[in-house]
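Here's the structure, in structure tokens; my notes come after.
The values are calculated or read from the model by the stated rules, or taken from the named source; none is laboratory data. All values reported here derive from a predicted model rather than from experimental measurement. Note that each Cβ is placed from the backbone with ideal geometry, even for glycine, and that neighbours are counted across all protein chains shown.
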Amino acid sequence: MTDAKLIAELLELAKRVGREAGELLQNRPAAFEVTSKSTAIDVVTQMDSQSENHIVSEILKIRPGDGIIGEEGSERTSKSGITWVIDPLDGTVNYLYGLPGWNVSIAAKDSAGVVVGVVIAPTINSTWSASRGGGAFLNDQAIACNEGVELNRALVGTGFAYDVDARPAQLAQLSELLTRIRDIRRNGAAAVDLCHVAMGALDGYFEKGLQEWDLAAGGLIATEAGAKVTTVAGTTIAAAPALHATLSFRLAQ
């Protein structure tokens, strides 16, 4: 298990390199170099790669033995027992279109799971952070998820896959919930959605098909804020425990 001193060091490193990457991304280029990844509408820009390169190089300057898992292809086996899970630009489509909510998501994990998570969203002046057993914070103020919300009063976030073949299953889940909840929100960045659950800006969140880098930092932040976060049959659900149970039941129908 990672000791408290190391956890604090990892958290400060994640905050620093996340801030730097956020500053880099705020300098939007005059023209984007856009390429496709898994599908024609799943895009990556030169800024995704520049952000990941900066994060990885800065981490390895300080901790050369650590492992790396990055959305844009950085991969390195850990020799230290710590592996960083990086989404250098979560919400690339938001970023491309000039919409708010895109973010930098950085987590570090050990053999027992994620130990620190940081999500930095410069366009909404938000830095969420958490360490395992240490609580969750927004701009250094403690946060907690909403408790005691019934399904028919729940504001729920979700997202949709870039693989259009996966969307009918997601629409079926949405259809199951839409007449039973207060309303739905689709913000376009999974890490921020999870952090919105953590701070009570959403009561719950679900999405099918998240990858580790989508979930690692935001999932820890939501968990440390009192939410239950699970992934079953490819669907991630985050909410306070009672609402989580209800959402899990409805989405399994």
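Descriptive notes on the structure:
A quick yes/no check of all residues on (1) closer than 25 Å to Leu13 by Cα; (2) of a type outside the set (Ser, Thr, Tyr); (3) outside the structural domain of Ile86 (by TED's automatic domain parsing); (4) assigned to a helix (DSSP H, G or I):
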| site | (1), (2), (3), (4) |
| --- | --- |
| Tyr205 | no, no, yes, no |
| Trp213 | yes, yes, yes, yes |
| Ala216 | yes, yes, yes, yes |
| Leu220 | yes, yes, yes, yes |
| Thr223 | yes, no, yes, yes |
| Gly226 | yes, yes, yes, no |
| Thr231 | no, no, yes, no |
| Ile237 | no, yes, yes, no |
| Ala242 | no, yes, yes, yes |
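- When each of Lys109, Lys61, Lys15, Lys79 is tested for being basic (Lys, Arg) and either in contact with a helix residue (DSSP H, G or I) (Cβ under 8 Å, 6 or more places away or on another chain) or within 22 Å of Asp163 (Cβ to Cβ) (or both), the lone residue that passes is Lys109.
- Taking strands (runs of 3 or more DSSP E) as the structural unit, those lying wholly within the stretch 77-180 and holding at least 2 residues that are under 15 Å from the mean Cα position of the chain (by Cα) and outside the structural domain of Phe206 (by TED's automatic domain parsing) correspond to 83-90, 103-110, 113-121, 126-131, 136-138.
- Residue check: Ala166 meets all listed conditions (1) surrounded by 22 or more Cβ atoms within 10 Å (Cβ to Cβ); (2) more than 16 Å from Arg250 (Cβ to Cβ) but one, namely (1).
- When residues of the stretch 1-51 are limited to those that are under 12 Å from Thr92 (Cβ atoms) and among the acidic types (Asp, Glu), the one modelled with the highest pLDDT: Asp48
- Listed by first and then second residue, the pairs with beta-carbon distance under 7 Å, at least 6 apart or on different chains, first residue in the stretch 62-80 and of a type in the set (Val, Ile, Thr), second outside any strand (DSSP E or B) and crowded, with 18+ Cβ neighbours inside 10 Å, are Ile62/Leu13; Ile68/Val56; Ile68/Ser74; Ile69/Trp213.
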